[in-house]
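For reference, the structure is listed below as structure tokens.
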Amino acid sequence: MVFEGLKTGLEKIKKGFGERPKVAFFIDGPNMIRKEFNLDLRDLRKRVEKYGRIVIGKVFLNQFASEKLIEAVANEGLESVIALGDPELKTDVDVAVSVHAMEAIYNPDIDVIALATRDADFLPLIQKIKEKGKIALLISVEAGLAVSLRHAADHVELL
């Protein structure tokens, strides 16, 4: 009897998860997590959750990210992805973001791909998201936001 009740409860939970769109959420850390933007990761996560259940959540950082920032990312239930590069050069996370986002594009369980950035380099990625039938959600700030991104995304959330 107890097992049947547990089984019924789990089925209800699974059904509830199945009704909401599944979201893959990617944050371009060096572009968005800056002192001048005063970005609150919790607020950012809550805004994305309006569009569905976050099943993939990653923040892309460079090797100069502080332990405190990495801890803050983990405290929000997100994964830190550290992009390594030449310390003499500006380390860019764009390739890492794009690779992970492409995996999500081809994941049949993902409905929405949320991208937090301002960088026009991600225009082809947003176009590919839409081409493959996913919803492209852009999370950004007004300052420095590429107009092309704003026009290409299905939805834009300004912080």
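Just one of (1) at pLDDT 95 or above; (2) more than 18 Å from D119 (Cβ to Cβ); (3) in contact with a strand residue (DSSP E or B) (Cβ under 7 Å, 6 or more places away or on another chain) trips up F25, so point out which.
(2)
Applying the selection to the range 117-138, what residues are of a type in the set (A, V, I, L, M) and in contact with an Asp or Glu (Cβ under 6 Å, 6 or more places away or on another chain)? Outline the logic, then answer.
Keep residues of the range 117-138 that are of a type in the set (A, V, I, L, M), which gives 120, 123, 125-126, 129, 135-138.
Scanning the range 117-138 gives I135, A136.
Report every pair of residues separated by at least 6 positions or lying on different chains whose Cβ atoms are under 8 Å apart, first residue within the range 91-120 and free of Cβ contacts under 8 Å to residues at least 40 places away in the same chain, second hydroxyl-bearing (S, T, Y) and part of a helix (DSSP H, G or I).
Pairs found: A120/S148.
Tell me, yes or no, whether the range 122-132 has at least one residue that is at pLDDT 95 or above, among the basic types (K, R) and assigned to a loop (DSSP other than H, G, I, E, B). Step through it out loud before you land on a result.
Taking the range 122-132 and keeping what is at pLDDT 95 or above, we get 122-132.
Cutting the leftovers down to among the basic types (K, R) gives us 128, 130, 132.
Pick out the ones that are also assigned to a loop (DSSP other than H, G, I, E, B) and you get 132.
Yes, that holds for at least one residue.
Within the range 103-120, is there a residue that is surrounded by fewer than 17 Cβ atoms within 10 Å (Cβ to Cβ) and assigned to a helix (DSSP H, G or I)? Reasoning before the result, please.
Residues of the range 103-120 surrounded by fewer than 17 Cβ atoms within 10 Å (Cβ to Cβ): 103, 106-109, 120.
When the remaining residues are screened for being assigned to a helix (DSSP H, G or I), the result is 103, 120.
There is at least one residue in the range 103-120 that is surrounded by fewer than 17 Cβ atoms within 10 Å (Cβ to Cβ) and assigned to a helix (DSSP H, G or I).
The values are calculated or read from the model by the stated rules, or taken from the named source; none is laboratory data. Fair warning: this is a prediction, and the values are worked out from it, not measured in the lab. We place every Cβ from the backbone using ideal geometry, glycine too, and count neighbours over all the protein chains shown.
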